[in-house]
Amino acid sequence: MTDLSRITCSIDENQIATVALNRPDKLNAIDMAMFQDVIKMIKELKKNTEIRAVIVKGNGADFCSGLDVKSLLNSKAGALKLLFKWWPTLPNAAQYFSIGWRDIPCPVIFAIHGRCWGGGLQLVSGGDFRIASPDANFSILEAKWGLIPDMGGAIAFRELMRKDHTLEMAMTAKVIDCQTAKEYGLVTKIAEDPYTEAYSLALECANRSPDVVAANKKLYNKTWWSSPGFALFYETWYQIKVGVRKNRAIAVQREIHNDKPREYLPRTFK
């Protein structure tokens, strides 16, 4: 895949995509170009039916130190572009930067090291898994600048953390260490080498039908806070949809004849 100005992306022989924030001289601080590049990459990966997982990491000393406030404040037109939305309940560009990862129908795993602050924390909260190194630290930093987190955190934080922990972090802009973040629910797993651990998880998911993986992601994102009846309906509907696909027969063959497993077909579940 073509590298962009603020991020790089490569897809290997296992169809695992590695996306890297690539502004190490600025600690991967988020400016307008990074917003644009991440959104463009999300849309490109979403359309790719062959990828099996996405791993997002940061180049340099830190995963992401948050917004490049000085850069964004100097561009009022850019700020308006980020906040503008056609309909109140749809995400604007700043929000899609985080929650857009949910639209990619395969696991999105963030490999985190060093600082993961402000917009960086909201970015990783939009993924399915967050694997962090012991030196990683986290902050809902926006209160430091007289702002509130407005990049999809209102969705992600309520799913990951208790309300009191969220309020404490958002009101104080305090920095918490990796172990505390795991206790709060922000971190899935702590690992000395988060990228290697993320890749191992990606391979585990890639060993299953891409239609089943996509259906599970969509099912639980759609029904996690829904009524029981709504959840039961989609559970049955998605079971029918994956059950009639060719990858279902391939999954059975792989279990019965695991000495000669067939390759899965590209994802067709939508």
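Every number here is computed from the coordinates shown, using simple stated rules; none is lab data. None of the values given here were measured: they were computed from a predicted structure. Every residue, glycine as well, gets a Cβ built from its backbone with ideal geometry; the counts of neighbours run over all protein chains shown.
Okay, here's what the table says:
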| item | result |
| --- | --- |
| Prolate/oblate/rounded call for region 1-127, Cα gyration tensor, a/c under 1.5 rounded | oblate |
| THR49/LEU147 FRET efficiency (R0 41 Å; Cβ-Cβ; nearest 0.05) | 0.60 |
| Ranked packing of 225-231, 15-21, most packed first, by mean Cβ within 10 Å | 15-21, 225-231 |
| Listed residue (PHE97, ALA173, SER139) projecting farthest to the positive dipole end of the chain, Cβ model | PHE97 |
| Tilt relative to the chain, helix 194-206 - C-alpha long axis, 0 to 90 degrees, to 10 | 30 |
| Cut-off 13 Å, label 7 Å out along Cα→Cβ of TRP224, residues of region 100-124 by amide N | 100-103, 108, 124 |
| Antiparallel content of DSSP bridges confined to the chain, in %, to 5 | 30 |
| Helix-only CD estimate at 222 nm, as mean residue ellipticity for the chain, using -39500 (n - 2.57) per DSSP H run (n ≥ 4) | -13500 deg cm²/dmol |
| Rounded if a/c under 1.5, otherwise prolate or oblate - the chain, Cα gyration tensor axes | prolate |
| Cross-link table LYS57/LYS260; LYS85/LYS218; LYS70/LYS270; LYS182/LYS270; LYS26/LYS218; LYS163/LYS222, entries beyond 29 Å C-alpha to C-alpha | LYS57/LYS260; LYS70/LYS270; LYS182/LYS270; LYS26/LYS218 |
| Cβ-based charge dipole, the chain, positive-most Cα from PRO24, HIS113, MET161 | MET161 |
| Dipole magnitude (debye, nearest 20) for region 132-270, charges at Cβ of Lys, Arg, Asp, Glu | 920 |
| Phi to ³J(HN,Hα) by Karplus 6.51 cos²θ - 1.76 cosθ + 1.60 over region 140-153, Hz, x for Gly, Pro | 8, 8, 4, 4, 4, 9, x, 10, 10, x, 9, 10, x, x |
| Full-extension gain in nm, LYS270 to ILE240, via 0.36 nm per residue minus C-alpha separation | 9.5 nm |
